[in-house]
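To keep things clear, I will list the structure first and then write my remarks on it.
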């Protein structure tokens, strides 16, 4: 019994100690909560109302007169191109240094020479034949003079038919024909001699050459291909429905201004300008597009700093169309399905039906459905329905600034 009593007392001591510790911890926690509640700052009520409206950006519609831009592809071709060939046969004995592919030649420049020896001999022979014929004519004219004197002595005894024979008129006519033929032969021989030298017919660039010194050539052979350098043509493929917006020259009225760009070959931002010349009166059988002829002067930039055009290549062609009056010009992406436009009116969405007169690569030109000053929604909306609430992003920025001031 004596051993049980001490154990009981120790247990009660440990129990009381634990209870006191727990009560102390609980009291400390309660005291901390009371202190926190008394020192916590008082929240102030702010009069701010959250609006449930979509945030959008807008741009202001403006009516005016605008010129559409037709951006199409064009192919470059020379305005003048020939296949150079000889008009006489012979051996090539000389070539001009500039007469090579890519070379530039001026009108009248000597390009090549064909051996003139045969033509010089032919000219000498024909000149000799002409001199012989002229000598025969002189002799025959002397005989005719004597015949006239004899005929005067026999006047009245010879009939008209015999008179022509006596005066040797048939012989004179025959010899004069020989003289004329000899003169023609001399002229032809001289012409052949001159044709042995081949000259540039106009200012040109040599595209190709197929002869060399020592080549035997004859009429019909191809010597070279030449392209004129004073002017090139650009054939632009334009949809038939867009032709009515292109200005073609009439009288003193020039054709539409054209801007040419070649991003692959030219530096960024480099452009050339030209004018629409005329419309080709047929459509391309494959693409069913109309062809518009554009004239480009100084295509190789010989008299300016303009970049050169490359024959047979494609080039971006922007044609300035005739002005469209009293329309709203709007980026094509902001014209929605079925030619509708989203408009913000009284902080709500309106879906407007519009009439689009024309579309070019960048813009739509709207004649009806939009008024000057309308706020056009250019943002994408998750919910598209008539009357949906809208807020401009600028307005949201102002509200955020007011909220910031109120919290300070």
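The values are calculated or read from the model by the stated rules, or taken from the named source; none is laboratory data. All values reported here derive from a predicted model rather than from experimental measurement. Positions of Cβ are backbone-derived with ideal geometry, glycine not excepted, and every protein chain shown enters the neighbour counts.
For (1) modelled with pLDDT under 90; (2) under 22 Å from residue 291 (Cα atoms); (3) assigned to a helix (DSSP H, G or I), each residue gets a yes or a no:
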residue: 170; (1), (2), (3): yes, no, yes
residue: 176; (1), (2), (3): yes, no, yes
residue: 185; (1), (2), (3): no, no, yes
residue: 190; (1), (2), (3): no, no, yes
residue: 205; (1), (2), (3): no, no, no
residue: 208; (1), (2), (3): no, no, no
residue: 232; (1), (2), (3): no, yes, no
residue: 235; (1), (2), (3): no, yes, no
- [ ] Kindly indicate whether any position in region 291-302 is outside any strand (DSSP E or B), at pLDDT 90 or above and within 16 Å of residue 71 (Cβ to Cβ).
- [x] no
TODO: For residue 180, indicate whether it is under 30 Å from residue 319 (Cα atoms) and modelled with pLDDT under 95.
DONE: no
Open item on the list: Can you find a residue that is outside any loop (DSSP other than H, G, I, E, B) and without any contact (Cβ under 8 Å) to a residue 12 or more places away in the chain anywhere in region 63-73?
Closed with: no
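Okay, residues lined up against (1) assigned to a strand (DSSP E or B); (2) over 30 Å from the mean Cα position of the chain (by Cα):
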{"residue": "311", "(1), (2)": "no, no"}
{"residue": "315", "(1), (2)": "yes, no"}
{"residue": "319", "(1), (2)": "yes, no"}
{"residue": "325", "(1), (2)": "yes, no"}
{"residue": "338", "(1), (2)": "no, yes"}
{"residue": "342", "(1), (2)": "yes, yes"}
{"residue": "365", "(1), (2)": "yes, no"}
{"residue": "370", "(1), (2)": "no, yes"}
Task: Conditions (1) over 20 Å from the mean Cα position of the chain (by Cα); (2) crowded, with 16+ Cβ neighbours inside 10 Å; (3) free of Cβ contacts under 8 Å to residues at least 40 places away in the same chain; number of the one not met by residue 205 - done: (3)
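Just to be sure, is residue 252 without any contact (Cβ under 8 Å) to a residue 12 or more places away in the chain and under 30 Å from residue 66 (Cβ atoms)?
Here the answer is yes, as residue 252 does meet what is asked.
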TODO: Answer yes or no: is there a residue in region 328-338 that is in contact with a helix residue (DSSP H, G or I) (Cβ under 8 Å, 6 or more places away or on another chain) and modelled with pLDDT of 90 or more.
DONE: no
- [ ] For residue 153, state whether it is at pLDDT below 90 and either out of contact with any helix residue (DSSP H, G or I) (no Cβ under 6 Å at 6 or more places or on another chain) or not assigned by TED's automatic domain parsing to the domain that holds residue 87 (or both).
- [x] yes
TODO: Could you check, for region 258-274, whether at least one of its residues is more than 12 Å from the chain's Cα centre (by Cα), within 30 Å of residue 99 (Cβ to Cβ), in a loop (DSSP other than H, G, I, E, B) and not assigned by TED's automatic domain parsing to the domain that holds residue 96?
DONE: yes
